[in-house]
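The values are calculated or read from the model by the stated rules, or taken from the named source; none is laboratory data. Keep in mind the model is a prediction, meaning the values are calculated, not measured. Neighbour counts are summed over all protein chains in view; Cβ atoms, including those assigned to glycine, are modelled from backbone coordinates with ideal geometry. Protein only, heavy atoms only, side chains kept; ligands, DNA and RNA dropped before computing areas. Shrake-Rupley method; radii C 1.70, N 1.55, O 1.52, S 1.80 Å.
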Amino acid sequence: MNETNINKGSDIKEIAKLFLRLGFTAFGGPAAHIAMMQQEVVTKRKWLNEQEFLDLLGATNLIPGPNSTEMAIHIGHARAGWKGLIVAGICFILPAVFITLIFAVLYKQYGQLPEVQPFVYGIKPAIIAIILSAVYPLAKKSLKTTELILIGITVLILSFLNIHEIYLMFGAGLFALLSATVRNRKTDSLHGFLPFPLLQVTSSALISATNLNLFLTFLKIGAILYGSGYVLIAFLDTELVATGLLSRQQLIDAVSVGQFTPGPVFSSVTFVGYQINGIGGAVISTVGIFLPSFVFVALLNPLIKRMRNSVGFSAFLDAVNVASVAIIIAVCFAMGKETITDWRTILIAIVGLIITFRFTKINSAFIVLAGSVAGYLLSHV
C-alpha cells in the first residue's frame, strides 16, 4: 500500500471519528452545528481555511435540504473525495437517527416523551455562545468591501422582517454578480455555470402507508425543502397529517424529538416513519429525506472552484457568504430572544461566551455538556 492510500485511509478514519462525535453532541439546529464544524475543521484541525469554509457554507445555502448535513458532506468531500463525502454524511446523520429511533419506540409503547426540559434549559444559551464565537471570524473574513458590508446589513434587516432565506441568498448573489459585471464590462463569468432548477412541489391527494410511498414522499421533501426544520413541519402537515397517516400531536412530538436530540433536525422523519410503518418505515423515510443532499452536494461541489475562479461568480459567492453569515446572526438573535429570558440563562450565555472566545480550541461538546448541567442545577435554585 502506497503512502497516498495510507493518508486517504487515515483521513477517512479522522472524518468518521469527527462526524460521529458531532452527530452525538451537535445540539441546537443548523447554525449551531455549522459553528461546531467551523471550530473543528478550521480552528483546530486546519483542514480548511476561513475562505474555503465560507465558500462551502454559501454553496450549501443555495441548494435544498438540511444545511448542516450538507455542510458535513461538503467537508468530507473536500478532505477525502467521494469516500469522505459518503462517510462524513452518514456518520453525522446516524447518531441522531439512532437516538430518535429509540424515542420513537418508547413513544409507540408508552405514548409520551420523557421529561428533558431542565437539561435543554441550559443547553440553549450555551449554544448561542458557540454560534457567536464561530460567526465572528467568519464575519471578519467575509466582509471584505464596503459593498459586501452593505449587502450584509441589508440581508440582516430583511431577515428580521421574515423574508425567506433563499430569496435573500440569491438576491444578494445576483446583485453582486450584476454589479461585478457592470464594473468589469464583461460577462465571461456566466460561462460554464450550471444553476440548479428549483423543483416544484407536487402534493399527492392521498398516499397509502407503504414503504415505497413513504420513500417517494420524503425523497420529494428532501429534494425541494429550503429553510429550517420549522419549514419541515409544514410539509409533514400537508403530506401526512392532512392525509390521515399521522395525528397532529404525533407531528408535534416528532418535531420536539428532533429539537432536543443532537444532529440534524430532519431526523424527526425517523420518528414519523416508525409511527406509520415500524422499523421499515423509519429506515426508508430517513433514507428518502437525506438522499437528495448527497446528490446535490456531489453535483455542486466541483462547480465551487470554477465559481471562485470567475470574476463575476466570485462576487456572487462572496455576497452569498455574507448573506449566510447575516442569516445565521438573525437566527441566533431569534434563538436568544426565546431562550435567554432570565438571570440563569444570561449567566450561562455570558460564561459560555467568555470560554469560547478565550479558549478557542476547547471542544464545543464540553460547552454543551456544561450548559446542560448548569441549566439543570440552576433550574432548581
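Over all pairs of different C-alpha atoms, region 31-134 has a mean inverse distance whose reciprocal, the Kirkwood radius, equals 15.5 Å. Subtracting the Cα-Cα distance of residue 108 and residue 350 from 0.36 nm times their residue separation leaves 83.2 nm of extension gain. Of all lysines in the structure, those lying under 18 Å Cα to Cα from residue 13, and not within fewer than 8 positions of it along the same chain, are 44, 46, 83. For region 315-381, the solvent-accessible area of protein heavy atoms averages 49 Å² per residue (probe radius 1.4 Å; ligands and nucleic acids excluded).
Apolar share of the accessible surface for region 268-381: 72 percent from carbon plus sulfur atoms, 1.4 Å probe.
What a 1.4 Å probe finds exposed on region 31-110 is 65% carbon and sulfur by accessible area, rounded to a whole percent.
With kT/(6 pi eta Rh) evaluated at 20 °C and eta = 1.002 mPa s, and Rh the Kirkwood radius from Cα pairs, the chain diffuses with a coefficient of 100 µm²/s according to Stokes-Einstein. Of the cross-linked pairs 144/361; 140/361; 140/305; 17/144, which ones have a Cα-Cα span greater than 27 Å in the structure shown? Cα-Cα > 27 Å for 17/144; rest within. With R₀ set to 41 Å, the beta-carbon distance separating residue 141 from residue 381 gives a calculated FRET efficiency near 0.50. Under the simplified labelling scheme, the residue 182-residue 13 pair shows an inter-label distance of 5.6 nm, with each label point 7 Å from Cα along Cα→Cβ. Neighbours of residue 348 by Cβ distance under 13 Å: Lys/Arg scored +1, Asp/Glu scored -1, total +1. Under the criterion of Cα pairs below 8 Å and six or more residues apart, the relative contact order for the chain equals 32 percent. Applying 1/(1 + (r/R0)^6) with r as the Cβ-Cβ distance of residue 279 and residue 243 and R0 = 25 angstrom yields a FRET efficiency of 0.70. Zone of residue 360 (label point 7 Å along Cα→Cβ, backbone N under 15 Å): which residues in region 128-144? Within reach of a label on residue 360: 132-142. Our helix-only sum for the chain, with -39,500 (n - 2.57) per DSSP H run of n ≥ 4 divided by its residues, gives a mean residue ellipticity at 222 nm of -26000 deg cm²/dmol. For the chain, hydrophobic long helices are taken as DSSP H runs at least 27 Å long by C-alpha position along their axis with mean Kyte-Doolittle hydropathy of -0.5 or more; these are 3-25, 67-110, 117-142, 165-184, 268-309, 311-339. Over all other residues within a Cβ to Cβ distance under 14 Å of residue 237, the charged ones net out to -1, with Lys and Arg as +1 and Asp and Glu as -1.
Using C-alpha pairs below 8 Å separated by at least 6 residues, the relative contact order for region 238-301 is 20 percent.
For chymotrypsin sites (Phe, Trp or Tyr not before Pro), the sites in region 330-362 that DSSP calls loop and that have at most 12 other Cβ atoms within 10 Å are 359.
With viscosity 1.002 mPa s and temperature 20 °C, the Kirkwood radius over alpha carbon pairs of region 247-330 converts through Stokes-Einstein to a diffusion coefficient of 138 µm²/s.
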